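See below for the structure under consideration.
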């Protein structure tokens, strides 16, 4: 338990004021009424259960931060106190100060925003985390996260609108603000609040306005839409700003006053409009290429299996003939190998790949857990179907049918949640039906081409089968093209970060985007020509079709990840500035710890740890060390 000093200053003491029963979103502020079983559960803080004399009288009420933006001078004392209290490395900060400004020289105005975790009423991080590393406690309403449970997928950093969860690229796990619950238990405010020089930060029962303040807004310029998570933070901002304010980081977003909503909403900052560029190398070497490999391989295999097996069941003559040919079983094993590759790439993308099994922990809420479960079931069913297809007989046939049912069920479940996990309100560019259409189009196109290439390899690509598969591939390409047009129509002028993502798609990666459209167009013309018999069927046309379609799919999926702009809090000139982070890593400045930037190193760290264990320990020590590394 936190050791409270004998003479704590008055500004560090937590007050006992609580007058409201519900917050402004209609939720009860009392999280565990008298007699609730939640009050009987022990609240262990840092391995220590407090005694009755240490309990805060408002322990079971929802607490939250209060930020008076007019008083913040950007001294960063809150950041320093938080880092000292939590012993975070230089590249991790649970609380950070961002900046927005407006006006023109010499009449400029600036607003500083100090932000940490808001311990929301509806914590999307908790619902999204596949490992159940997050818990919202009745004590103070704190949303706490256990880094030891986390396996480093980073999905919570995708869904949180406020940059609260911090993915450590070195350690390979996420950590975040813990509300300083150990201080709360002894009647002290969080360390960041106690350290604030300008009296800009305060803390207490939510909806209680601190002494000397008059406002309790739910939003200020630069703060994402509070309706996403119902955050437990309130603001005062009486300083008059212009109707448009800009960020100081490299994100091409500004904020405009929306009179209907009564708050500032994000839009494209025209001052940062760029020229059309390629950036193809940057695009194809990004951190998210593992997701590109997994989604494309999984969707291609799902599409191929859907055509090859149910297609034959439905009596579609060309597909039935293919399923009875000598190419069918080898095609199934090609599918198994391709999906194995995708799953391997996805697993190695984790910060702690040796703890992959924890991805099944949150099937009740997390779309990531459900995707993992569905795709795993599909993989097992596919492998079983391929294995039992090697044998004849009634028993093998029954097991083959059972495996097919498992595979199709896993495909439906996993494929749906593969789409749903990207429908994130904090990432408007993804939160559009284009995402689902793109995934379905890819499955049809690449799945049909995969079957065609396998059939051609065994010299059984007959005209009827070739025309059918080419037509399906053309349909998939058409579906994806229509969805891109709909995305452009809906998002280009949207009042959210989606318009900024569309801007990046047409400027920073503009030439790569055009190349993708040209490749798609060429693939569609070739597929349509094969489908209508205008082009002679053979191996060569389908190899060309595969090259065009696969290249377009890889570039398109890489753009999908590279161009998304989340609803993040503003950064500053250097700190929390994506442009500076990228620059510092390119020129080696990130090697200086004081820059607060780190290179990814968790995979290398784990390999070094394993090799050291193998070389320098006894057999018993080897076993103990391996058990520690792989089970935590």
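Any read-out appearing in this document is the output of simple, stated calculations on the displayed coordinates, not a laboratory observation. All values reported here derive from a predicted model rather than from experimental measurement. Quick reminder, even Gly has a Cβ in these numbers, built from the backbone with ideal geometry, and neighbours come from all protein chains shown.
When each of the peptides 566-577, 311-322 is scored by how many other beta carbons lie within 10 Å of its residues on average, the order from highest to lowest is 566-577, 311-322.
Between residue 248 and residue 284, the simple label model (points 7 Å from Cα in the Cβ direction) yields a spacing of 3.9 nm.
Under 25 °C and 0.890 mPa s, how fast does the range 303-352 diffuse according to Stokes-Einstein, given a Kirkwood radius computed over C-alpha pairs? Answer in µm²/s, whole number. Let's see the in-between values first.
Working: Rh = 12.2 Å.
In µm²/s, the coefficient is 201.
Over all pairs of different C-alpha atoms, the range 1-136 has a mean inverse distance whose reciprocal, the Kirkwood radius, equals 18.7 Å. Inter-part distance, the range 85-126 to the range 268-312, computed on C-alpha centroids, equals 31 Å. Please report, to two decimal places, log10 I(q)/I(0) for the range 10-272 at q = 0.07 Å⁻¹ as given by the Debye formula with identical point scatterers on the Cα atoms and no solvent. Those come out to -0.25, one per q.
If I take every Cα pair under 8 Å that is 6 or more residues apart in the range 112-180, average their sequence separation and divide by the length, what percent do I get for the relative contact order? Please list the in-between numbers first.
Numbers: 108 pairs, mean separation 22.7, N = 69.
33 percent.
Please work out how much length the chain gains when fully extended from residue 525 to residue 48, using 0.36 nm per residue of separation minus the C-alpha to C-alpha distance, in nm with one decimal.
On the way: separation 477, 0.36 × 477 = 171.72 nm, distance 6.81 nm.
So the chain would gain 164.9 nm between residue 525 and residue 48.
Entry for the range 289-562 at q = 0.09, 0.11, 0.14 Å⁻¹: log10 I(q)/I(0) = -0.43, -0.64, -1.01, Debye formula applied to identical alpha-carbon scatterers, no solvent contribution.
On full extension, the segment bounded by residue 457 and residue 110 gains 118.4 nm, given 0.36 nm per residue less the C-alpha separation. The distance separating the Cα centre of the range 567-587 from that of the range 1-34 comes to 35 Å. Principal axis extents of the Cα atoms in the chain, from largest to smallest and rounded to whole angstrom, are 86, 65, 51. Before anything else, pin down the relative contact order of the chain: Cα pairs under 8 Å, at least 6 apart, normalised by residue count, whole percent. Worked out over the chain, it gives 16 percent. Remark: the residue 28-residue 135 segment gains 36.7 nm on full extension, using 0.36 nm per residue and subtracting the alpha carbon distance.
Can you give me the angle between helix 367-388 and the longest principal axis of the chain, using Cα atoms only, in degrees from 0 to 90, rounded to the nearest 10? Orientation of helix 367-388: about 20 degrees from the principal axis. Once a ≥ b ≥ c are taken as the square roots of the eigenvalues of the Cα gyration tensor of the range 55-204, is the result rounded (a/c under 1.5), prolate (a/b larger than b/c) or oblate (a/b not larger than b/c)? Note, shape of the range 55-204 comes out oblate. Orientation-averaged projection of the range 475-520 equals 3.2 nm² [convex hull of Cα atoms, one quarter of hull surface area]. Against the chain, whose longest principal axis comes from its Cα atoms, helix 77-86 is set at around 70 degrees. Computed from the Cα positions only, the extents of the range 93-146 along the three principal axes stand at 51, 23, 20 Å, in decreasing order.
Where does the range 138-253 land on Rg/Rh, using Cα atoms and the Kirkwood Rh? List each step's numbers first, then the result.
On the way: Rg = 16.5 Å, Rh = 16.8 Å.
Ratio of gyration radius to Kirkwood radius: 0.98.
The orientation-averaged shadow of the Cα convex hull for the range 514-597, equal to a quarter of the hull surface, comes to 8.6 nm². Estimated translational diffusion coefficient (Stokes-Einstein, Kirkwood radius over Cα pairs, 4 °C, 1.567 mPa s) of the range 1-75: 83 µm² per second. The C-alpha atoms of the chain define a longest principal axis, and helix 394-420 lies at about 40 degrees to it. Scaling against 2.2 N^0.38 Å puts the C-alpha radius of gyration of the range 452-530 at 1.46.
Can you tell me the order of 389-402, 345-358, 118-131 when each peptide is scored by its average per-residue count of other Cβ atoms within 10 angstrom, highest first?
Details: 389-402: 12.6, 345-358: 18.4, 118-131: 22.9.
Ranking the peptides 389-402, 345-358, 118-131 by packing returns 118-131, 345-358, 389-402.
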